[in-house]
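Bear in mind these aren't lab numbers, they're just calculated from the coordinates by the rules spelled out. Computed from a prediction, not measured in an experiment: that's the story for all the values here. Every residue, glycine among them, receives a Cβ derived from its backbone with ideal geometry; neighbour counts consider all protein chains shown.
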Amino acid sequence: MKRMWLLYLALAPLIVLQAAWLIYKNRFRDTALFLAVSLTGFGMWSAVAYGRPVILNTVIGRIIEAMKALAPF
Amino acid sequence: MISRGHYYLLTVNYALGTTLFVTINVMIGEAGPDAWIMPLWAGLSVLLAALFWIAMLRTSPGRSPVEIAREAWGPAGVLVGILYLAVFCVTAAWSLRNLSDFMNMTIMPTVVQEVELGKVLVNIHSVLTVIMITLIFIKLLVLLYAAFETIGQLFRPSTRWPHLMALGILISAGAVTIYENPIQNRILNDRYTLPYDCVYAVLIPVLLIITMPIKRAAAGRTRRG
């Protein structure tokens with residue numbers, strides 16, 4: 001849990017302040033885009049902090065295996 | 001925008017970053033004294049992929065692959081852009097992790113033990129080490145730039161620098177989670193690199209080369225009709 005607090009301390013101000021500034025400037029599209037990218041990163045960091053990281057290479061491997069299984073040849 | 005000369009240098013450094021230095025041990029391990037032929041053989045197949053890219057870019061001069069995909073496939077082209085964004089982010093994360101692993105292996109353990117400047121310089125025992133770090137760093141910067149430009153062309157944000165920060169958060173997280181250990185990385189790379197590369201480096205450009213003339217011919221017929 002300590003690592004989770006450290007994560008919030010490091011990343012939350014960056015994301016929240018930046019998003020707040022973009023909303024203040026009425027750039028809602030930019031805000032949505034910024035939040036989509038940065039919250040994906042934040043989610044991945046959270047998984048690391050919880051000790052259950054999403055291993056990207058494994059995920060890509062599973063996607064390729066699923067595509068191979070769907071392919072007719 | 002960058003010039004053609006910049007693009008050439010960045011591409012050459014990008015290719016050298018990991019290909020020449022990281023794969024050399026693997027090649028010698030696999031082929032022994034015949035290892036010299038492997039880069040030539042691999043280079044030929046990459047030249048074929050490069051020809052597809054040239055042909056694709058000639059269908060719409062001055063436009064990026066993301067813009068070409070949007071013109072050819074409409075809303076489905078946005079998905080291609082998102083796919084390329086993901087590819088750039090994943091490869092950038094992989095490069096960052098490589099850089100981190102490489103520094104851990106070569107420099108950091110000795111720096112922790114010996115902090116005097118002279119000893120650190122001695123411990124960086126080869127010019128190759130410095131070149132390697134520089135080349136991987138260039139590769140990382142090229143990928144970050146590519147991801148940043150893809151975001152710009154896909155979504156056309158009015159302010160661009162916040163997205164650079166968002167990409168920084170995403171890529172740093174990706175670097176931690178790209179693989180668990182180098183052995184797992186090697187196994188997954190051996191198994192999946194070819195189909196993974198073929199999709200974004202060959203399949204999509206070939207499909208775009210085929211569909212662009214068909215789309216233009218259909219548009220011309222509609223205009224005449």
TODO: Within 10 Å of each residue's Cβ, count the other Cβ atoms and sort B:89, B:198 from fewest upward.
DONE: B:198, B:89
TODO: List, in order, the whole-Hz ³J(HN,Hα) value for each residue of the range B:133-146 obtained from phi through the Karplus relation with A = 6.51, B = -1.76, C = 1.60 and θ = phi - 60°; use x for Gly and Pro.
DONE: 4, 4, 5, 5, 5, 4, 4, 4, 5, 4, 5, 4, 4, 5
- [ ] Rank the residues B:177, B:193 as a footprinting-exposure proxy: fewest other Cβ atoms within 10 Å of their Cβ go first.
- [x] B:193, B:177
Open item on the list: So for the range B:1-82, considering every pair of alpha-carbon atoms, how many percent are separated by more than 20 Å?
Closed with: 54
- [ ] Give the value in nm², to one decimal: projected area of the alpha carbon convex hull of chain A, averaged over all directions.
- [x] 6.8
TODO: Assign unit charges at the C-beta atoms only (+1 for Lys and Arg, -1 for Asp and Glu), then state the dipole size of the protein assembly as shown relative to its Cα centre in Debye, rounded to the nearest 20.
DONE: 1380
- [ ] Using only atoms on other chains, find how many Cβ atoms lie within 10 Å of each Cβ of peptide B:155-167 and report the average.
- [x] 6
Open item on the list: Starting from a Cα-only point model with no solvent, please compute log10 I(q)/I(0) by Debye for chain B at q = 0.16 1/Å.
Closed with: -1.30
Task: Ranked list, fewest to most other Cβ atoms within 10 Å of each Cβ, for B:100, B:95 - done: B:100, B:95
Task: Net charge contributed by nearby residues that have their C-beta within less than 14 Å of residue B:145 (K/R +1, D/E -1) - done: +1
- [ ] State log₁₀ I(q)/I(0) for the protein assembly as shown at q = 0.14 Å⁻¹ as given by the Debye formula over alpha-carbon point scatterers of equal weight, solvent excluded.
- [x] -1.30
Task: Hull shadow area, averaged, the range B:129-180 [alpha-carbon convex hull, nm²] - done: 4.4
- [ ] Would you tally the net charge around residue B:215, using a Cβ to Cβ cut-off of less than 13 Å, leaving residue B:215 out, and scoring K and R as +1, D and E as -1?
- [x] +3
Open item on the list: For chain A, what does the relative contact order come out to in percent, with C-alpha contacts under 8 Å and a separation of six or more?
Closed with: 32
